[in-house]
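Shown next, in C-alpha cells, is the structure this report addresses.
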Amino acid sequence: MGSVTEVAKDFQEAEPVSEPDGPGLWRQRDFLLLWSGQTASEMGSAVTQIALPLLAVVALDASTLEVGLLTAAATAAFALIALPAGALVDGGAKRSVMIVCDVLRLVIVGSVPVAAAFGVLTMAQLYVVAAAAGVCTVFFDVSYQSYVPSLIRTEDLMAANGKLGTTQAFAQLGGPGLGGGLVGAFGAAGAMTADAVSYAISVLSILGIRKREEPPPARTADEPLRRRITEGLRFVFGHPILRRVVACTGTANLFSGMSSALVMVFLVRVLHVRPALTGLIVAGAAVGGMAGGVFAGRLAKRIGSARIIWVSSLVLSAPQVIAAAAWQGWGVLLFPLGWGIAYFAGMVYNVAQLSYRQSVTPPELLGRMNAAVRWIVWGTLPFGGILGGVLGSLIGVRPTLWVAFIGTWAAGWFVYFSPLRHMRDVPRPVPVPGPDVPS
C-alpha cells in the first residue's frame, strides 16, 4: 500500500456515483439477515439502557453517584480501547469478531437475571457487566461498520446505512417503552433477559450470512500495534475531507451533549412540563431520526450523495434552534418540533458521512478508520455534558440551549469549507494498479 496521502488521492479522483433508493437491498438475503439481527439487538440494548439503572436503584438501592458510575462504565470502553480495537479488527475476519462479541454479550448480560434469581446480585457485578459489555460493543461496532461494505455494493451503501440508521432510531423510540413494560411485568432483572435473547438472534442471523469477506492482507508478525493504530489516525487526518467530517461531527456532538444534559431541566423547571409527559415530548426526536433514516437515500439521490453531507448540517438542521424558544402552554410544542428536526438532519448527515467514509477508505484500513473516527467524535459527548451543566448554572438553562443548538448547526461549516463543496456525489473507489495490473 502506498502512502496515506497517495491512497486518499486515489480515492478522491474517482468517478462519482449516484445513490439509488436501494430497492435491490430487499432482495439481498445476506443484508436482510444482518439488518434483522441488528434490529433485534438494538431493541434489546434499548431495554437494558432502562433496566440496568432501574435495577441498581430499585433492587440494590444505589446512590446517584453509583448510578452515574454505572453509566460511565458502560461508555468508558469507547474512549479507552477504540483505537487498538480498530487495529485488531483489521487483522482478522470481521464476521467472526461480531459473532464472538454477540456470544460474549449474551453470557455477560444473561448473568444478571441469573444472579438476581439466586439472590446474589451486587453493584460490583453490575459494574463488571456494564464495562465488559461495553468492551464487546466497541469491537462489535467497529467490525460492523467495516463489514457492511464487504456485504453489499458501494452504490447501495447510502440505502443500507439509511435502513440501519432507521433501526437505531426506532429502538430509541420503542425501546424505552418496551423496557418499561418488561420491567413492570418481569422486574428489571427479568427485563434484561430480552437483551440476552436479542444477542442470540443476532448470532443466528450472522451465522446465516453466506457471503464471505475478503481475507485481510498478510502482515508481518512483528509489526507493532502502535504502528497499525498510527496508520489509521494518519489516514483520517491526512485525508482532506475525512478530517473535516471528524471536526464537524465531533463539534456537533460537543454541543449536542450540552443540550442533552439540559433537556429534562428545561422541560420540567423552565417549561413546567409534568414529568409523565416528558417522555412523550422527547419521543419527537426519535420520530425525526426515523424519518431521517427513511429519507436519507432519497435526499442523497436528489441533492447529491456528497453534497447532502453539508446540506443536512447547514440547511436541514437550521430550524432546530426553535427548540430553545419554547414557552409554557402550547409553545412547548416548539421543543419536540425543533429537536425532531435536529435528529432528522443528524440522521441524514450520519448516513451520508458514514457512507462516504466507507466508500473512500481502503478495505484494509476500514476498522482503524472507523475506530479513529468514533474515538474522537464520541469523546466529545461527555465534555459537552459537563460544559452544559456549567454554563446552565452560570448563564441559565435557556441561554445555554441557544448556544448549544446554534453551535450544533454551526459545526456544518467545517464540511462546507472543504472539497465537498465542489462535489455532487460520493466517489466510487478506483483500484490502484499493482505491479501485475497494466495501467
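We did not get these values from a lab; they are worked out from the coordinates using the rules stated. Everything quoted here is computed from the prediction, not taken from an experiment. Ideal geometry is used to build each Cβ from the backbone, glycine not excepted, and the neighbour counts take in all protein chains shown.
What to note about this one:
- In sequence order, the stretch 130-143 has phi-based couplings of 4, 5, 5, 5, x, 4, 4, 5, 4, 5, 5, 5, 5, 5 Hz under the Karplus curve 6.51 cos²θ - 1.76 cosθ + 1.60, θ = phi - 60°, and Gly or Pro positions carry x.
- Cut-off 14 Å, label 7 Å out along Cα→Cβ of Lys211, residues of the stretch 146-167 by amide N: 146-161
- Percentage relative contact order, the stretch 72-173, counting C-alpha pairs under 8 Å, at least six apart: 43 percent
- Value of relative contact order over the chain, rounded to a whole percent, pairs C-alpha under 8 Å and six or more apart: 29 percent
- Unit charges on C-beta of K, R, D, E only; dipole of the chain, Debye: 640 debye
- Here the chain is scanned for chymotrypsin sites (Phe, Trp or Tyr not before Pro) in DSSP loops (not H, G, I, E, B) that have at most 15 other Cβ atoms within 10 Å, and the longest stretch holding none of them is 119-326.
- Residue separation of Thr71 and Leu394 scaled by 0.36 nm, minus their Cα-Cα distance, works out to 113.7 nm of gained length.
- Gaussian network model of the chain, springs between alpha carbon atoms under 10 Å - residue of Gly407, Gly389, Gly119 with greatest fluctuation: Gly119
- Computed lengthening from Asp30 to Ser63, 0.36 nm per intervening residue step minus Cα-Cα distance: 7.3 nm
- Global form of the chain, assessed from the alpha-carbon gyration tensor, a/c cut-off 1.5: oblate
- Gaussian network model of the chain, Cα within-10 Å springs - most flexible of Ser256, Ser355, Ser150: Ser150
- Ordering Met123, Gly24, Ala191 by Cα displacement along the dipole of the chain toward the positive end leaves Gly24 in first place; charges were set at the Cβ atoms of Lys, Arg (+1) and Asp, Glu (-1).
- Cα gyration tensor shape of the stretch 332-397, rounded if a/c is under 1.5, else prolate or oblate by comparing a/b with b/c: oblate
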